[in-house]
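Working notes, beginning with the structure itself.
The values are calculated or read from the model by the stated rules, or taken from the named source; none is laboratory data. Note that this is a predicted model, so its numbers are computed, not measured. Because the Cβ atoms are built from the backbone with ideal geometry, glycine has one as well, and the counts that use them run over all protein chains shown. The protein model used for the area step is the full one, side chains on, heavy atoms only, and it has no ligands, DNA or RNA in it. Shrake-Rupley method; radii C 1.70, N 1.55, O 1.52, S 1.80 Å.
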Amino acid sequence: MELGISTFVELTPDQLTGKTISPYERMKDVLEEIELADQAGLEVYAIGEHHRPDFVASAPAVIMAAAAAKTKNIKLSSAVTVLSSDDPVRVYQQFATVDLISAGRAEIMAGRGSFIESFPLFGYNLDDYDTLFAEKLDLLLKINEAEKVTWSGKHRAAINNLGVYPRAYHDKLPIWIAVGGTPNSVVRAATLGLPLALAIIGGQPAQFKQLVQLYRQASAKAGHGELPLAVHSHGYVADTSQQAADEFYPSYAYVMTKLGRERGWPPMSRAQYEGARSPQGALLTGSPQQVIDKILYGHELFNLSRFLIHTSVGTMPHDKVMRSIELFATKVAPEVRKAVGK
């Protein structure tokens, strides 16, 4: 099983000091975090695209290119590329460029996105939310398959036998579909023969078992066999369970409460947080052994190919994030790999 880190490169006030670091400092920090993950032996680092003031990763491929020059082995992925509001030609070109800089370590995780700021920003209608994604994914896959492309659709100008350059370091870029729990999205990924990244950031992982079964059934029906499956969940590792719980809660509660105001959720309480940290909950915040147990529980449920822990959620001190990555890489990852035998 591949193990890695994901981030949205958040830029929110530190809940202990009330201060917000500069975007320059946050970018410097995330590059150090990626470098540590590479040096410590993790397989994947993924960066999500957002167009809001509380995140600085509106251009993940640019950050990945900087990280590619500072790392040697780790795969560099988006999590996600909001393909619906981007141009597939430029997406491919940017990630192929990262792939060349990194000698073949770039990936695309394409998704519709759970935030909608990019749609008005780039002039798209939210009424076309799903058709935009389906059409642009079709074009991206065609570009990935062949140097010369002929294509036409509703939301973008047609292409008539034109080349897209540069090409990836290897023959093709790995392209995953990232979903939050929509059955149609799962079936689409399976039918196209694409690996699935499933975000489990609330409720209980066991609730997603039917969705994974749907993916596997649709994949088999389409003749693709068992495709790679990843899970992405919020989490944080500290030396002790109590330390992890206390250090992660302020920033996590701040972000979840802020999102709740936007989406109609109630404020995050400590009781809810502790419930999410329970053995069957979706939040992987605890000691190394607790996080090991939760990843293995997820593997037992889904037979995972990859697990990404999303840390942090909201701004935390850089040294604490670095320690969490170190513990995940040196204490959690070896035990998980030993237990699953891959």
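Temperature 25 °C, viscosity 0.890 mPa s: under these conditions the Stokes-Einstein estimate for region 60-144, based on its Kirkwood radius over C-alpha pairs, is 184 µm² per second.
Note on Val313: accessible area is roughly 10 Å² with a 1.4 Å probe, heavy atoms of protein only. Within the same chain, lysines fewer than 8 places from Lys136 are excluded, and of the rest, those with a Cα less than 18 Å from its Cα are Lys148, Lys154, Lys172.
Give, rounded to the nearest 20 debye, the magnitude of the charge dipole that the chain has about its Cα centre when Lys and Arg contribute +1 at Cβ and Asp and Glu contribute -1 at Cβ. Magnitude of the dipole: close to 540 debye. In percent, rounded to a whole number, the relative contact order of region 12-170 is 20, using alpha-carbon pairs under 8 Å and six or more apart. Among Ser312, Ser84, Ser22, the largest mean-square fluctuation in a Gaussian network model of the chain, built with springs joining Cα atoms closer than 10 Å, belongs to Ser22. So for the chain, averaging the separation of alpha carbon pairs under 8 Å that are six or more residues apart and normalising by length, what relative contact order in percent results? 19 percent. Solvent-accessible area of Ser233, all protein chains in place: 0 Å² (probe radius 1.4 Å, heavy atoms, ligands and nucleic acids excluded). DSSP beta bridges fully contained in the chain are about 10 percent antiparallel.
Taking all Cα-Cα distances within the chain, those exceeding 29 Å account for 36%.
With kT/(6 pi eta Rh) evaluated at 10 °C and eta = 1.306 mPa s, and Rh the Kirkwood radius from Cα pairs, region 191-268 diffuses with a coefficient of 104 µm²/s according to Stokes-Einstein.
For region 245-290, the spread of Cα coordinates along the three principal axes comes to 35, 20, 13 Å, biggest extent given first. Among DSSP beta bridges whose residues both lie in region 1-99, state the antiparallel percentage, nearest 5. Around 10 percent antiparallel, to the nearest 5. Solvent exposure of Leu194, expressed as accessible area, is near 20 Å², computed with a probe of 1.4 Å over the protein chains only. These residues, Asp29, Asp319, go from largest to smallest accessible area, 1.4 Å probe, as Asp319, Asp29.
Here the accessible area of region 1-132 is 56 percent carbon and sulfur, with a 1.4 angstrom probe and all protein chains present.
When restricted to Cα atoms, region 93-211 yields an Rg and a Dmax of 15.8, 48 Å, respectively.
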